[in-house]
Every structure is written in structure tokens, then in C-alpha cells.
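Input: a single structure, listed below in C-alpha cells.
Just so it is clear, none of the values below were taken in a lab; they were calculated from the coordinates. Fair warning: this is a prediction, and the values are worked out from it, not measured in the lab. Methodologically, a virtual Cβ is constructed for each residue, glycine included, from the backbone with ideal geometry; neighbour enumeration extends over all protein chains shown.
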Amino acid sequence: MINLLSTGKSWYKRFQYDEDVDKPGDVRNILLIVATLIASVTFQAGVTPPGGVWQDDKDGHRAGQAIYACKSPTAYFVFLLANTIACSTSVLVIISLTCRFPFQLEIIIATISMIVTYGSAIFAVTPNGLVKFRLIMFAAGVPFIIRGLIQLFNVIFRSNK
């Protein structure tokens, strides 16, 4: 550790991906772990929003609604959009990295079910009228749309060469 500090080398360079050293299978496994962790955290954050949910019906709110959404609707909406994009992106990575794995169909069914469950949960805890269904669905689709466009451009530019 002292050598790294005294030589001026960056400590993090040792941990960066190196195509000549790192095995593709090991990299895929690490990415699967990271994507699964992100999916778990974002799913939990959507189901149990920051600040929790109201426990009773009074003062203009209903039991089960997100406290954060009632106290700061704009901040909650930003949280919900960012969390949905993160959850959706991690699901895309999981599906992509498990392509051609045994039980791939079951993995896809499970991840789609998780996304539906996430959507139901966020709509259950969000006060009526605060979340626009179309915007949240678009946010969930953004990673898939971007990946599709990247794939399309790769096909177009490879065919022109």
C-alpha cells in the first residue's frame, strides 16, 4: 500500500478490467452479482419507499401510502423515476448475461414477474394521481430502448463497412 502511494500509481488501476488478464466467465459472474444486488436494492426501495408508509387514515393521507410522496411529491417522483430506471437496467443486464443459460425461459419469466410486482407495489404505495403510469412505464423501458438502438446502430454501421 505504501508503495502505491509513494510511486504515484493509482490504487484503483489494479482493480480495473483488463482484457488480457480477466477471464470472460469471471467478468460475467461479477456483473451478474452486481446486477442482482442493484435489482434487489431498487426493488426493495420501490416496495418500501424511503420514510415508510402511513399507518393510519387521517390528515388527508391514507394508510399504506408513501410518506415521502405526501411530504415531497416532486422529490418522490424523481426518486421513483431514477429507481425504476435502475431496476429496469439491472433486469436488462441479468437477462442479457444469462442468455443461453439453462432455464433461460424461467429466468425471463421470473424477471418479468419481478418487474410486474415492482410496478404493482409502487402504484399501491403512491397516492392517486401522483404517478403517471405512462411515464413510469417509459422509464422502465428506457434501458431496453437504448440497448435496442445501440444494437440497431451496430448492425447498420457493420453492414456499411
* Asked: What Rg and what Dmax come out for the chain when only alpha-carbon atoms are used, in angstroms?
  -> 20.6, 66
* Structure fact -> So, over other residues within a Cβ distance under 10 Å of A63, counting Lys, Arg +1 and Asp, Glu -1, the net charge is 0
* Structure fact -> In order over segment 37-52: 3J(HN,Hα) from phi, Karplus 6.51/-1.76/1.60, θ = phi - 60°, whole Hz, x for each Gly or Pro, gives 4, 5, 4, 5, 5, 5, 4, 4, 5, x, 6, 10, x, x, x, x
* HN-Hα J in Hz across segment 107-115 - Karplus 6.51, -1.76, 1.60, θ = phi - 60°, x for Gly and Pro -> 5, 5, 4, 5, 6, 5, 4, 5, 5
* **Amide H contacts of G51 (H built 1.01 Å from N, under 5 Å, at least 5 apart or other chain)** => none
* Provide the packing ranking of 29-37, 62-70, i.e. peptides ordered by the mean count of other C-beta atoms within 10 Å per residue, highest first. => 62-70, 29-37
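With r defined as the distance between the Cβ atoms of I150 and A124 and R0 fixed at 35 Å, what FRET efficiency is calculated, to the nearest 0.05?
On the way: r = 34 Å, r/R0 = 0.97.
The value I calculate is 0.55.
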* What is the calculated FRET efficiency for T48 to R100, with r their C-beta to C-beta distance and R₀ = 30 Å, to the nearest 0.05? -> 0.30
* Extension gain, S40 back to M114 (0.36 nm per residue minus Cα-Cα distance, nm) -> 25.6 nm
* To do: Figure the gain on full extension for Q55 and I107 (residue separation times 0.36 nm, minus the Cα-Cα span) and round it to one decimal in nm.
  => 15.2 nm
* **³J(HN,Hα), Karplus 6.51/-1.76/1.60, whole Hz, each residue of segment 95-104, x for Gly, Pro** => 5, 5, 6, 9, 4, 6, 6, x, 6, 4
